[in-house]
Amino acid sequence: MASEAVTKVAWVLIEVDPGMEREVYQQLLELENITETHIVFGPKDIVVKIEFLSEREMTETLIGKMRMVSGIKDTTTMIALEV
């Protein structure tokens, strides 16, 4: 019996440099695997939803792609669990 790939989800809370919200938002819209992007009020400035099939794919998005976005100051990643 072949196993089917299960899409996993992570939410990333992003703090950006002051005044960079719109620029960072636009850059994030172009990244693969990011399926939702929202500018928010609160302790963080932007929330993104990442969908991925493997940890490697998630890591590539977080480390390989998001770290290249200028203006990101801090991130908090929350991986959704299947319960």
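Considering only residues that are in a loop (DSSP other than H, G, I, E, B) and hydrophobic (A, V, I, L, M, F, W, C), which ones fall in the range 48-74?
Residues satisfying the conditions are 53, 69.
One line per residue, one yes/no per condition, for (1) among the aliphatic types (A, V, I, L, M); (2) closer than 14 Å to residue 77 by Cα:
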{"site": "10", "(1), (2)": "yes, yes"}
{"site": "15", "(1), (2)": "no, yes"}
{"site": "26", "(1), (2)": "no, no"}
{"site": "32", "(1), (2)": "no, no"}
{"site": "58", "(1), (2)": "yes, yes"}
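Looking at the range 1-35 only, could you name the residues that are free of Cβ contacts under 8 Å to residues at least 24 places away in the same chain, more than 19 Å from residue 71 (Cβ to Cβ) and not hydrophobic (A, V, I, L, M, F, W, C)? Break it down stepwise before answering.
Our first condition is that a residue be free of Cβ contacts under 8 Å to residues at least 24 places away in the same chain; within the range 1-35, this holds for 1-4, 18-19, 22, 25-26, 29-30, 35.
Then drop every residue that is not more than 19 Å from residue 71 (Cβ to Cβ), which leaves 1-4, 35.
The answer is 3, 4, 35.
Which count do you get for residues in the range 8-47 that are assigned to a helix (DSSP H, G or I) and either touching a Gly at 6+ places or on another chain (Cβ under 9 Å) or crowded, with 18+ Cβ neighbours inside 10 Å (or both)?
Result for the range 8-47: 6.
Inside the range 62-83, can you point out the residues that are within 13 Å of the chain's Cα centre (by Cα), over 13 Å from residue 7 (Cβ atoms) and in contact (Cβ under 8 Å) with a residue 24 or more places away in the chain?
The answer is 62, 65, 66, 69, 72, 74, 75, 76, 77, 78.
Every number here is computed from the coordinates shown, using simple stated rules; none is lab data. The model shown is predicted, which means the values in this text are computed figures rather than measured ones. We place every Cβ from the backbone using ideal geometry, glycine too, and count neighbours over all the protein chains shown.
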